[in-house]
Amino acid sequence: LIGLVLLVFLFSSCSSTKNSIAKTQEDIALLSAIKKLDKTPSDTGLKNNLSTLYESAAQVHLDNIEVYNSLTEPDKWEKINKEYQALQHLSGVINSSSNAKKLLKTNTYDAEMEVVKEKAAIDYYNIGMNYLNNNDKQSSRNAYYAFKQSQEYVPGYKDAKRQMDNAYQNSVLNVIVNPVADNSYYYNNAGWNSYGNSFNNDY
């Protein structure tokens, strides 16, 4: 449970890094080869190796996705999303190269990324509801960030926005200011001070 709480807070604090591209050594080798090919289009060696380099780079990300899919922690969706973003990035670089796109056929992963976002929204929504059912302020705070994550993956998902507002309201500390009481001998016996004021009654 503690680990789950930390993950929820970690996601909220690191949401700005969601779109960063994860580059592997295989990615770097492929991108370097494409750059060289654009400078020397007649390089037969580069042309022959390009397909192998792309397959190696893509396979690393696909293998990572398979591993992450087996995890149960909610941050797996961010990891999977980054792998798909890396694959999309490779496809974009290849298709922007007049030489590389003649030699390679790339896949697009838009549909897969949409599925990931949907599953992430479901997971975080359910986490938020579980926290909200605990009916304590700390759980309400955790629920707020979980619903926020759900909204970030799929804006307008179910009633996540309304539940996020509920969680916020439940997490607010209600402070009650009690009347000021003066229990000194003087006030207990005189009731009123020498200036005709009663501090016990004024607050």
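Some notes on this structure:
- Exactly one residue among Leu53, Leu30 is open to solvent by less than 40 Å² (accessible area, probe 1.4 Å), modelled with pLDDT of 95 or more and either in contact with a Lys or Arg (Cβ under 8 Å, 6 or more places away or on another chain) or not hydroxyl-bearing (Ser, Thr, Tyr) (or both), and that residue is Leu30.
- Condition met for Ala100 (out of contact with any Pro (no Cβ under 8 Å at 6 or more places or on another chain), crowded, with 19+ Cβ neighbours inside 10 Å and more than 14 Å from Met164 (Cα to Cα)): yes
- Residue tally, condition of a type in the set (Ser, Thr, Tyr) and more than 28 Å from Ser150 (Cα to Cα), over the range 92-118: 4
- Residue selected from the range 103-125 under the condition closer than 30 Å to Ile34 by Cα and in a helix (DSSP H, G or I), by the criterion least open to solvent (accessible area, probe 1.4 Å): Val116
The values are calculated or read from the model by the stated rules, or taken from the named source; none is laboratory data. Quick caveat: nothing in here was measured; it's all calculated off a predicted structure. Using ideal geometry, Cβ is built from the backbone for each residue, glycine included, and neighbour counts are taken over all protein chains shown. The protein model used for the area step is the full one, side chains on, heavy atoms only, and it has no ligands, DNA or RNA in it. Shrake-Rupley method; radii C 1.70, N 1.55, O 1.52, S 1.80 Å.
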